[in-house]
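Please read through the structure below; I'll follow up with questions.
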Amino acid sequence: MSASREKKARQEQVTTGFTDARTQREREEQAKARRSNIMYIAIAVVFVLVAIVVIVANSKVIERGAKAVTIGSETYTAADVDYYYYTAYNSFVRNYSSYLSMYGLDTSKSLKDQDCPMTDGGTWYDYFRDQAISSLTSYSLLAQKAEEDGFDGSETVEADLKQVYSDLDSYAAAAGYTRSQYIKTVCGPLVNKAVFERNVRLTSLAQAYSAEYANSLEYSDDEVQAAYDADPKSYQSADIEYILFYSAADSDATDEEKAQLLEEAKQKAETALSRYAQGEAFDAIGEDMEGTYTHAANVTNSTSDMLTWAFDDARQEGDTTVAANGDKGYYAVLFHSRSRNDYHSVSVRHILVDSEDKANEILQQYNNGEKTEDAFAALAVENSTDSNASSGGLYTGIYRGQMVSEFEDWCFDPARQAGDTGIVQTSYGYHVMYFVSTSENPYWYDQAVISLKSAAYNEWYSSITDGVEAEQLDGMKSVSYTHLTLPTSDL
């Protein structure tokens, strides 16, 4: 068959619907191949979609980016709220670790299932969530105001961020984590490096802006004196002795039993004063009657019955009284004097360790080195077990009555000079001491300045924040309530 005739035959087959066997098989193979390709493509697409879903779920992209709260002109995500949530949680657990059971907080259980006594019928999750929103609201409004005023805090922010990462990396290494792992462990599963850094910058900017305002406040001597004259008792200390007699009622005691024990404590306090009136020493009476004796030479005013009495204008040296300690017992109190805080506060650095040998070793290491304050601070960061180790063991503005007596005796020694070092033993352990400085002004003067600045700052802060409420959005449901604890140290 010629080519022209073959072509004509194929045309006739097409028009009549006839297909030869070979052509049919070719078409079927081609169709099968197309169906296979389509199926493989579809399967591949399904696998890709599943992979994307798994990746997104594991990375918590959706929850992290969920809009959770609007504050002023800014909206923040669930991850942002988580940053402040875990900050509040870890801070509370760290500061009150010895009293968690008293607060009814069990860190091994879900916070959503535990009632919080500090809320009106809410849970611990509610409490820390509210704390987080409050903190974020404060920082956000201050940062927004800073930007509105053209405040340039970039240098401070970058320095803060560098220091935070330096500390964080040290903690992470000690815990055996990478930086990212440690951030998630401490700040919650929604917080990645970007979220962490964003909120560090936010808080740093807000704090720098606040500090600039506070540092701009200055007062004349006349203004400071006027503040003292308006409320002198706020800048005075009382010298008293007291013996506390506990009622010591068991938790399962009846109301009648508790009342009886409380009355017995009151009678002991009255007996102690009777014995004092007959010439016995207050401390000896306390020891003999198994009460808790204290000589508080620099106690400040408060709303307690005992101190309200001590700061009464009618008080005279030698006055005594019996004062209630709530429903826990009674005090027998002896008043000596009340005076203005004319002494000067001090600043020191210290390194707290648990043995005398370790304290001597650290002090020797310091003496063998540069013998500078910075060198001592570095040793504190490396060795101190106190909570202020990360700040080089620094305590500023120490006032009388703030620290345990042995610590204060060293600090307030009249011969103390900048750069002095020593070792002090207290009930907390051994303190390697470094004396930084004595304040320029008397303590009462510094107190009055702080009071004036506080009042001015509160008025300024209120002008920025009053009337602004955080609007909670749907993304709040993504805020985590898993309880996490710090693996080594806090940020």
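The values are calculated or read from the model by the stated rules, or taken from the named source; none is laboratory data. What you see is a predicted model, and the numbers here were worked out from it, not measured in a lab. Every residue, glycine as well, gets a Cβ built from its backbone with ideal geometry; the counts of neighbours run over all protein chains shown. These accessible areas exclude ligands, DNA and RNA; they are computed on the full protein's heavy atoms, side chains included. Shrake-Rupley method; radii C 1.70, N 1.55, O 1.52, S 1.80 Å.
Residues in segment 121-148 that are of a type in the set (Val, Ile, Thr) and surrounded by fewer than 19 Cβ atoms within 10 Å (Cβ to Cβ): how many?
Kept after step one, since they are of a type in the set (Val, Ile, Thr), are these residues of segment 121-148: 123, 133, 137.
When the remaining residues are screened for being surrounded by fewer than 19 Cβ atoms within 10 Å (Cβ to Cβ), the result is 123.
Of the residues in that region, 1 qualify.
So which residues in segment 211-257 are surrounded by fewer than 19 Cβ atoms within 10 Å (Cβ to Cβ), in a strand (DSSP E or B) and of a type in the set (D, E, K, R), if there are any at all?
Matches in segment 211-257: ASP239 only.
Across segment 389-416, what is the number of residues that are assigned to a loop (DSSP other than H, G, I, E, B) and either open to solvent by 40 Å² or more (accessible area, probe 1.4 Å) or in contact with a helix residue (DSSP H, G or I) (Cβ under 8 Å, 6 or more places away or on another chain) (or both)?
Of segment 389-416, the ones assigned to a loop (DSSP other than H, G, I, E, B) are 392-393, 399-404, 412-416.
Imposing the further condition that a residue be either open to solvent by 40 Å² or more (accessible area, probe 1.4 Å) or in contact with a helix residue (DSSP H, G or I) (Cβ under 8 Å, 6 or more places away or on another chain) (or both) reduces the set to 392-393, 399-404, 413-416.
Looking only at that region, the number is 12.
The rows are residues; the columns are (1) open to solvent by 30 Å² or more (accessible area, probe 1.4 Å); (2) modelled with pLDDT of 95 or more; (3) under 27 Å from the mean Cα position of the chain (by Cα).
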residue	(1), (2), (3)
GLY429	no, yes, yes
LEU452	yes, yes, yes
ALA456	no, yes, yes
VAL479	no, no, yes
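If we keep just the residues of segment 337-365 that are part of a loop (DSSP other than H, G, I, E, B) and crowded, with 16+ Cβ neighbours inside 10 Å, which is nearest to the chain's Cα centre (by Cα)? I'd like the intermediate steps shown before the answer.
In the first step, residues of segment 337-365 are kept if they are part of a loop (DSSP other than H, G, I, E, B); the result is 341-345, 354-355.
Within this subset, residues satisfying the condition of being crowded, with 16+ Cβ neighbours inside 10 Å are 341, 343-345.
Values: ASN341: 30, TYR343: 31, HIS344: 29, SER345: 25 Å.
That would be SER345.
In segment 366-379, which residues are part of a helix (DSSP H, G or I) and charged (D, E, K, R)?
GLU373, ASP374
Taking MET118 as meeting all but one of (1) open to solvent by less than 20 Å² (accessible area, probe 1.4 Å); (2) under 19 Å from the mean Cα position of the chain (by Cα); (3) modelled with pLDDT under 95, write down the number of the exception.
Just one mismatch for MET118, condition (1).
Pairs needed: first member in segment 338-349, closer than 8 Å to SER439 by Cβ; second member anywhere, assigned to a strand (DSSP E or B) and of a type in the set (A, V, I, L, M, F, W, C); C-beta distance under 6 Å; at least 6 residues apart or different chains.
As it stands, the answer is SER345/ILE398; VAL346/ILE398; SER347/VAL436, since those pairs meet every condition given.
If you don't mind, there's one more thing I want to ask. Would segment 281-293 turn up any residue that is assigned to a strand (DSSP E or B), more than 16 Å from ASP239 (Cα to Cα) and over 31 Å from the mean Cα position of the chain (by Cα)?
Yes, some residue in segment 281-293 is assigned to a strand (DSSP E or B), more than 16 Å from ASP239 (Cα to Cα) and over 31 Å from the mean Cα position of the chain (by Cα).
In segment 83-109, which residues are open to solvent by less than 30 Å² (accessible area, probe 1.4 Å), in contact (Cβ under 8 Å) with a residue 60 or more places away in the chain and under 15 Å from TYR125 (Cβ atoms)? Outline the logic, then answer.
Residues of segment 83-109 open to solvent by less than 30 Å² (accessible area, probe 1.4 Å): 83-86, 88-90, 92-93, 100, 105.
Checking which are in contact (Cβ under 8 Å) with a residue 60 or more places away in the chain leaves us with 83-86, 89-90, 93.
Correct list: TYR84, TYR85, TYR86, TYR89, ASN90, VAL93.
In segment 72-99, which residues are in contact with an Asp or Glu (Cβ under 8 Å, 6 or more places away or on another chain) and of a type in the set (A, V, I, L, M, F, W, C)?
The initial filter retains those residues of segment 72-99 that are in contact with an Asp or Glu (Cβ under 8 Å, 6 or more places away or on another chain), namely 78-79, 90-91, 94.
Selection gives ALA78, ALA79.
If you don't mind, there's one more thing I want to ask. Scanning for something open to solvent by 70 Å² or more (accessible area, probe 1.4 Å), more than 20 Å from SER390 (Cβ to Cβ) and part of a helix (DSSP H, G or I), does segment 157-179 turn up at least one residue?
The answer is no, given that none of the residues of segment 157-179 is open to solvent by 70 Å² or more (accessible area, probe 1.4 Å), more than 20 Å from SER390 (Cβ to Cβ) and part of a helix (DSSP H, G or I).
State all residues of segment 123-138 that are within 18 Å of SER110 (Cα to Cα) and either touching a residue at least 12 places away in the same chain (Cβ under 8 Å) or among the β-branched types (Val, Ile, Thr) (or both); if no residue qualifies, say none.
Looking only at segment 123-138, we keep the residues that are within 18 Å of SER110 (Cα to Cα), and these are 123-132.
THR123, TRP124, TYR125, PHE128, ARG129, GLN131, ALA132, listed by residue number.
Another question about this same structure. Looking at segment 306-322, is at least one residue within 40 Å of the chain's Cα centre (by Cα), at pLDDT 95 or above and open to solvent by 80 Å² or more (accessible area, probe 1.4 Å)?
Yes, there is a match, as at least one residue in segment 306-322 is within 40 Å of the chain's Cα centre (by Cα), at pLDDT 95 or above and open to solvent by 80 Å² or more (accessible area, probe 1.4 Å).
Are any residues in segment 180-196 within 18 Å of the chain's Cα centre (by Cα) and not in a loop (DSSP other than H, G, I, E, B), and if so, which ones?
Result: TYR182, ILE183, LYS184, THR185, VAL186, CYS187, PHE196.
Answer yes if at least one residue in segment 325-336 is touching a residue at least 40 places away in the same chain (Cβ under 8 Å), surrounded by fewer than 19 Cβ atoms within 10 Å (Cβ to Cβ) and outside any strand (DSSP E or B), and no otherwise.
First pass over segment 325-336, keeping only residues touching a residue at least 40 places away in the same chain (Cβ under 8 Å): 325, 327-336.
Narrowing the set further to residues that are surrounded by fewer than 19 Cβ atoms within 10 Å (Cβ to Cβ) leaves 327-328, 336.
Filter once more, keeping what is outside any strand (DSSP E or B): 327-328.
Checked against the condition, which is being touching a residue at least 40 places away in the same chain (Cβ under 8 Å), surrounded by fewer than 19 Cβ atoms within 10 Å (Cβ to Cβ) and outside any strand (DSSP E or B), segment 325-336 yields at least one hit.
Can you pull out the residues in segment 84-142 that are small (Gly, Ala, Ser) and under 19 Å from LEU202 (Cβ atoms)? Steps first, please.
Here is the first cut: in segment 84-142, the ones small (Gly, Ala, Ser) are 88, 91, 97-98, 101, 104, 108, 110, 121-122, 132, 134-135, 138, 140.
ALA88, SER91, ALA132, SER134, SER135, SER138, SER140, listed by residue number.
What are the residues in segment 287-319 that are within 12 Å of LEU334 (Cβ to Cβ) and in contact with a helix residue (DSSP H, G or I) (Cβ under 7 Å, 6 or more places away or on another chain), if any?
TYR293, the sole residue that qualifies.
Which residues, counting only those in segment 258-298, are open to solvent by less than 50 Å² (accessible area, probe 1.4 Å), out of contact with any Lys or Arg (no Cβ under 9 Å at 6 or more places or on another chain) and of a type in the set (S, T, N, Q)?
Passing the criteria: only THR294.
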